[in-house]
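J.: Quick one: this structure, given as structure tokens, is what I'll be asking you about.
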Amino acid sequence: MPLEAGLLEILACPACHAPLEERETELICTGQDCGLAYPVRDGIPVLLVDEARRPE
């Protein structure tokens, strides 16, 4: 389920403050040194560092 229009433009990674990119059921940090993947549950982004998946 895509996020509401404009929402992605104002969201940022809580760890490094880089923009986020939407992919399937996650928001991926675009920061080169970060790359955390935050889950989207029921259309709501969970922007908690403790819930994020580390880059592979």
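The values are calculated or read from the model by the stated rules, or taken from the named source; none is laboratory data. Nothing here was measured: the structure is a model prediction, and the numbers come from that model. Positions of Cβ are backbone-derived with ideal geometry, glycine not excepted, and every protein chain shown enters the neighbour counts. What goes into the accessible areas is simple: the full protein's heavy atoms, side chains included, and nothing from ligands, DNA or RNA. Shrake-Rupley method; radii C 1.70, N 1.55, O 1.52, S 1.80 Å.
J.: Counting only residues that are in contact with an Asp or Glu (Cβ under 6 Å, 6 or more places away or on another chain) and open to solvent by 50 Å² or more (accessible area, probe 1.4 Å), how many does the stretch 9-39 have?
T.: 1
J.: Would you please name the residue that is surrounded by the most Cβ atoms within 10 Å (Cβ to Cβ), looking only at residues in the stretch 43-56 that are in contact (Cβ under 8 Å) with a residue 12 or more places away in the chain and out of contact with any Leu (no Cβ under 6 Å at 6 or more places or on another chain)?
T.: Leu47
J.: A follow-up question, please. With (1) open to solvent by 40 Å² or more (accessible area, probe 1.4 Å); (2) in contact with an Asp or Glu (Cβ under 9 Å, 6 or more places away or on another chain); (3) at positive phi as the list, and Pro2 as the residue in question, which single condition is left unmet?
T.: Here Pro2 meets the rest and fails (3).
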